[in-house]
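Written below as structure tokens is the structure these notes are about.
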Amino acid sequence: MDWNRLITIKDYEPFAGTEAIRRIEEKARAIHDLHVIHMNSTYSGGGVSQILSSLTLLMNSLGIQTGWRVVHGPPDFFSVTKKFHNALQGDEINLTTRKKQIYEQVICENAARNHLDHDIVIIHDPQPLPLIQHYRKKSPWIWRCHIDLSSPNRNVWNYLVPFIEKYDAAIFSCRDYHQNLRTPQVFFMPAIDPLSIVNREMSEKEVDERLEHYGIPTDLPLVVQISRFDRWKDPEGVIKAYKIARKRVDCTLVLLGGMATDDPEGAEVYRSLISHREERIIILSRQDGALVNALQRRAAVVLQKSIREGFGLTVSEAMWKGTPVIGGNTGGIRYQIQDGVNGFLVSSAEEAAERIVEILENPELREKMGQAARETVRQKFLLTRSLEEYIDLIGSFEA
Ligand code: UPG
């Protein structure tokens, strides 16, 4: 592979198969030359930027003229939108007029700077949601929500509904997130890019080099969680599970989390964890895709002990590398992990500890689960599948 050229759909043939690639090319021809724009709230950090950096290139390679913009705003805007995010995942919120004003005014200013007269506009998550009310809408607008909507706080949800109902379609990651809305709802899961820095093949030597660079010891099995530092990802629960497990098996814990520019709580959660650091508890904040890749490959087991999770890209990423994942029994994780077959689902730190011990003490189980995990991702969670779903949805407006 020559990494100095842009990736094309043909590069995905070894993963998706010839037939799927031909089908995608044919469907894309029908919407060829359409001008599509994706808009979200950050170019770096977090799952949405990870998805858009791959998806937008691939759409262009298929002849769909696809752009990517981000909302700009001051810290108090992102502080408000993170509170909305938390409330949509079930938190309480004091929904004051001030919060609404900050949110709506910043979006009004963004609308003045962004001339969205594209053939299709795709808005990701709540941050840029109200943009739609500032345009004379000439074409379909789609709202793509990445959040776990299994039990949204009704105050915030009801406040956002009038914006959402201006859209022509809303995409949610699973059927469980279905809402009472006038807007048509479409359900499909996100997916991972097997050719991104985070997921592409790495040699053992490259893995060693990355881990050594950060001083991560590999003499004992690695128990790893990679996530933004966010309470919903339950880093405290991971540390608790690790401390219980290591009474029975020797292992090292690594918690890695890059900061996302649209998540002002990350630094605070990271600081709250620092006191847990010790020789065998490594807590790192770095933005290094190759390190994510190396850790997911070398880990004896990966945890994603979330309490809420729209989908959980890190689950599929580790599974793709043949590493068993212990996931929180919640949201989109339940659609990726089949308990006891390609990983484990858990509901407490104690259960997670049990499963860590079981996997570390049983290399055959680890191997078998890892293989099943990779096959699950190959069949269901690779980028080409979600790309095709986007193309189908866009095509449905053109028909
Ligand atoms: N990542 C890094 N470096 C880090 C930590 C994470 O590159 O230090 C990457 C990670 O590899 C993954 C992404 O960041 O690709 C994180 O994605 P995800 O685990 O899915 O979490 P969120 O950032 O919370 O993403 C939101 C939803 C999530 C959903 C995703 C896409 O919360 O549930 O899977 O959007 O829909």
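The values are calculated or read from the model by the stated rules, or taken from the named source; none is laboratory data. A quick note: this is a predicted structure, and the numbers were derived from the prediction, not measured. Here Cβ is always computed from backbone atoms with ideal geometry, including for glycine, and neighbour counts include all displayed protein chains. In case anyone asks, the SASA skips ligands and DNA or RNA and just uses the protein heavy atoms, side chains included. Shrake-Rupley method; radii C 1.70, N 1.55, O 1.52, S 1.80 Å.
Points worth noting:
- On inspection, residue 261 does not qualify as assigned to a loop (DSSP other than H, G, I, E, B), within 14 Å of the ligand (Cβ to nearest atom) and more than 17 Å from the chain's Cα centre (by Cα).
- Qualifying positions in the range 177-194 - open to solvent by 60 Å² or more (accessible area, probe 1.4 Å) and either in contact (Cβ under 8 Å) with a residue 12 or more places away in the chain or within 14 Å of the ligand (Cβ to nearest atom) (or both): 182, 184
- In the range 143-172, the residues that are among the aromatic types (Phe, Trp, Tyr) reach residues that are open to solvent by 30 Å² or more (accessible area, probe 1.4 Å) with C-beta atoms within less than 6 angstrom, at least six apart or across chains, in these pairs: 172/187.
- Which listed residue, of 295, 284, 303, 345, is open to solvent by 10 Å² or more (accessible area, probe 1.4 Å), within 13 Å of the ligand (Cβ to nearest atom) and among the aliphatic types (A, V, I, L, M): 284
- Residues that are over 19 Å from residue 398 (Cβ atoms), outside any helix (DSSP H, G or I) and of a type in the set (A, V, I, L, M), drawn from the range 52-78: 70, 71
- Unmet requirement for residue 269, which otherwise passes all of (1) within 16 Å of the ligand (Cβ to nearest atom); (2) part of a helix (DSSP H, G or I); (3) closer than 24 Å to residue 361 by Cβ; (4) of a type in the set (Val, Ile, Thr): (3)
- Residue list for the range 207-231, restricted to those being open to solvent by 20 Å² or more (accessible area, probe 1.4 Å), within 15 Å of the ligand (Cβ to nearest atom) and modelled with pLDDT of 95 or more: 210, 213, 214, 231
- Screening residue 249 on (1) of a type in the set (A, V, I, L, M, F, W, C); (2) touching a strand residue (DSSP E or B) at 6+ places or on another chain (Cβ under 8 Å); (3) away from the ligand (no atom under 13 Å from the Cβ) shows it passes everything except condition (2).
- Members of the range 359-370 found to be part of a helix (DSSP H, G or I) and either open to solvent by 70 Å² or more (accessible area, probe 1.4 Å) or in contact with an Asp or Glu (Cβ under 8 Å, 6 or more places away or on another chain) (or both), listed by number: 363, 364, 365, 367, 368
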